[in-house]
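Contents: one structure, followed by commentary.
The values are calculated or read from the model by the stated rules, or taken from the named source; none is laboratory data. These numbers were taken from a predicted model, which means no experiment stands behind them. Neighbour counts are summed over all protein chains in view; Cβ atoms, including those assigned to glycine, are modelled from backbone coordinates with ideal geometry.
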Amino acid sequence: MTLPPKGRSGRPGRPAASNKAASTRRPDGKPAPRADRAAPRDGAKPAGKPAARPGTKIEGKLSPKPASPKPAARRDDRPSGMAQARSLTQPRVGERPKGDRPFKIANRTPTGKPAARPAPTPAQPREDGREGERIAKLLARAGVASRREVERLITEGRVRLNDELVTTPATILKNLKGVSVDGRLIAAAAPTRVFRFHKPAGLITAERDPSGRPTIYNALRNALPPETPRVMPVGRLDLNTEGLLLLTNDGELKRALELPATGIPRTYRARTFGDISQDRLEELIEGIEIEGVRYGQIDANMERRTGRNQWIEMTLTEGKNREVRRVLEHLGLQVSRLLRIAYGPFELADLPRGGAEEVPQVLVERFRKTLKTSPAPTNFAQPKSEN
């Protein structure tokens, strides 16, 4: 058998470039038909349809074609939004859903129908099964008196409900309808109002004085607007103490401002005479015990000094009876003048002596939200002067 001529590469089966044209043309110069072309090599199949791939025979039949991987789902074949949401909310196999309760679809019944909406929860009653609030708290909020004063009025038999005597301050009422004090019906609670009052020295912090001495209410007749409701002093300043005194018509707020548990700071300035050092004043931050009475921490600072006279600023949170004077006298100082310049966020500032000014309602409500809650007192004693 004659092999085809070698090409330039020297490998058999590929004709040289110079012989290629001659092998595909007839002697007359026209292209030769496919049958006149060079014969294929040994073992090569003639041109035509490609041969089928050989298959493995199983019981006389060709094995099936291996399954090709399923193409990715098109956009139209993706699950709907509801199906996707359901797949996210349902737990996986072997996984317990989050939370203490077993997983369930809240808005579906076992039959697949939407479940009925639950009935609205009614207002929760008190632990003892009674709805409302204590009568002492309602009367204090209405501005009758502080809660402590209201409890005293009830023990004295001065409070009635529909002409029946109220015997306990724990009486639960929804409102003050039919409640009277000293025969006078009580109206609904008015909005809370707070006033700053610059108390002069020589006035008693009380509504009346058995000795006939002038009280703060004598000065308030000209200081407050004509339509001001009945107001009560927050705490007390003794006869010779001057400065800031808060007034309010809300007995509940009055009680919260007075209790040491709320931690409201009171700031005083005292003019004293005697020898004292700043180091000794700083020891008061740890508290001090005088004649068996324990006073809490006091932040004391010396402002200025001229000879043996000095101004001392003191900030405390308890406000016990004559606390500032007792502490300074225990340190060997004589107090010649004492005035309160701040009570919590409320300051005396440049308020003239004997003048009063109302605190904006926005500031009152903002401050009220910051107050701490505390249990009601159990004694009915009158609050004492702080200084």
Looking at 289, 252, 283 in this structure, which one is in contact (Cβ under 8 Å) with a residue 12 or more places away in the chain and acidic (Asp, Glu)? 252
Those strands (runs of 3 or more DSSP E) completely within the stretch 158-251 that have 2 or more residues that are surrounded by 11 or more Cβ atoms within 10 Å (Cβ to Cβ) and in contact with a Phe, Trp or Tyr (Cβ under 7 Å, 6 or more places away or on another chain) are 242-248
Restricting the stretch 182-201 to residues that are β-branched (Val, Ile, Thr) and modelled with pLDDT under 90, the one farthest from the chain's Cα centre (by Cα) turns out to be 186
Search result, residues across the stretch 362-387 that are surrounded by 12 or more Cβ atoms within 10 Å (Cβ to Cβ), modelled with pLDDT under 90 and more than 24 Å from residue 323 (Cβ to Cβ): 368
Single condition residue 300 does not satisfy, out of (1) touching a Gly at 6+ places or on another chain (Cβ under 6 Å); (2) within 18 Å of residue 340 (Cβ to Cβ); (3) without any contact (Cβ under 8 Å) to a residue 40 or more places away in the chain: (1)
Which pairs have Cβ atoms under 6 Å, sit 6 or more apart or on different chains, and link a residue in the stretch 184-201 that is over 23 Å from residue 153 (Cα atoms) to one that is of a type in the set (S, T, N, Q)? 193/249; 194/248; 201/240
